[in-house]
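Working notes, beginning with the structure itself.
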Amino acid sequence: GRWTQDHIGVGICWLKVELIYDQEKLNQFPEFFFELRGARLYDYRKDSSIGGNGNHRWGDYSTYEYTENPIIMDYNYCRGFSWNGDLFLGMDMPASDLPFDKYVMAANLADEFADYGRRYRCSIFLDADLDHGDNLDALMLSCGGIRVDGVEGSWPIIGSEQPIVATFTDDDLVRGEKVRFRKRRSMGDLVNAVSGTYQEPGNMWSPAGYDVQTSAAMVDIDRRTRDVPLSFPMVFSKGQANQLASIYLNENRYEATAEVVLRPGFRNIKAG
């Protein structure tokens, strides 16, 4: 009873194609390939009512704009996608659980320009049949990011240079507490080559290989090749795929790990 004649086709993407073709010259009906630009999204940075600059307003789809920024996609997914009052995709989180300043920082970093264009762009189909974690992990994979869940809420930290916020020495360890230290990873955990594919728009969005990220010096140290496959089906820039694979390679070369107890002055350090 809630659907009327006015609702037919509302919220559904569709198109109609008419053509005349010569069956003698084409032995089968032609196939079509459609390139979708995607949904318009709410950009909190453009909402002057919450501290941004612009006319975007949450819930008013007419103010939304197309974006390739994975952090904006992440925010919209966390808030949830609704049509006619029905939530059909996303988590339905309140804005108060998504810290504005931290989301602005992450989105601005993604929009920064690198030698291959904007640092992080994303093209993705978010699937309502998947767990929320799977959809969010795919978005984070497109920007080398991780999600932080804390008292202040939930937010992403993307792959970029991070400032050193604290340094401790042996004098900061609490005497009498156990220290666990491991200097090396196991050989099975070490990575010295990363390869895979991304989506190439110039070839009808077919998978294409990015440059293998490796180092001859690393291979010499490990005395064998340890190649790990890592594909980016939501990335459509070879330069970006190279950058993400390089991040994964470098972070997996850190070997030493430790569990220590520090003096109380360090208790205010927070994730991110």
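The values are calculated or read from the model by the stated rules, or taken from the named source; none is laboratory data. Computed from a predicted structure; not experimentally measured. Every residue, glycine as well, gets a Cβ built from its backbone with ideal geometry; the counts of neighbours run over all protein chains shown. Each accessible area value is taken on the protein alone, full model and side chains, heavy atoms only, with ligands, DNA and RNA left out. Shrake-Rupley method; radii C 1.70, N 1.55, O 1.52, S 1.80 Å.
Some observations on this one:
- Fluctuation leader among VAL219, VAL194, VAL174 - the chain, Gaussian network, Cα springs under 10 angstrom: VAL174
- Neighbourhood charge, 15 Å Cβ-Cβ cut-off, centred on TYR103 and excluding it, Lys, Arg +1 and Asp, Glu -1: -3
- A simple count of charges around MET204, restricted to other residues whose Cβ falls under 14 Å of its Cβ and scoring Lys, Arg +1 and Asp, Glu -1, yields -3.
- From the alpha carbon centroid of segment 229-272 to that of segment 57-101 is 27 Å.
- Over all other residues within a Cβ to Cβ distance under 13 Å of ALA114, the charged ones net out to 0, with Lys and Arg as +1 and Asp and Glu as -1.
- Each DSSP beta bridge with both residues in segment 189-255 is either parallel or antiparallel, and the antiparallel ones are about 60%.
- 1.4 Å probe accessible area per residue over the chain, in Å²: 66
- Summarising the strand pairing of the chain, around 85 percent of its internal DSSP beta bridges are antiparallel.
- GNM top mover of THR225, THR197, THR214 - the chain, alpha-carbon springs below 10 Å: THR225
- Check: segment 1-118 dipole with +1 on Lys, Arg Cβ and -1 on Asp, Glu Cβ, in debye: 300
- GNM top mover of PRO201, PRO70, PRO30 - the chain, alpha-carbon springs below 10 Å: PRO30
- The computed Cα extents along the principal axes in Å for the structure shown corresponds, within (i) 121, 54, 34; (ii) 49, 44, 43; (iii) 80, 51, 35, to (iii).
- Cross-link pairs LYS25/LYS238; LYS46/LYS102; LYS183/LYS270 - those with Cα-Cα distance over 27 Å: LYS25/LYS238
- Fraction of beta bridges assigned by DSSP in segment 159-272 that are antiparallel (%, nearest 5): 70
- SER82/VAL151 FRET efficiency (R0 35 Å; Cβ-Cβ; nearest 0.05): 0.80
- Kirkwood hydrodynamic radius of segment 37-151, Cα pairs, Å: 14.7
- Along the chain, the exposed loop sites are trypsin sites (Lys or Arg not before Pro) outside DSSP states H, G, I, E and B with at most 11 other Cβ atoms within 10 Å, and the longest stretch free of them is 38-174.
- Efficiency of FRET between ASP227 and ASP131 - r from beta-carbon atoms, R0 35 angstrom, step 0.05: 0.75
- A DSSP coil position with no more than 16 other Cβ atoms inside 10 Å describes the following chymotrypsin sites (Phe, Trp or Tyr not before Pro) in segment 125-189: PHE125, PHE168.
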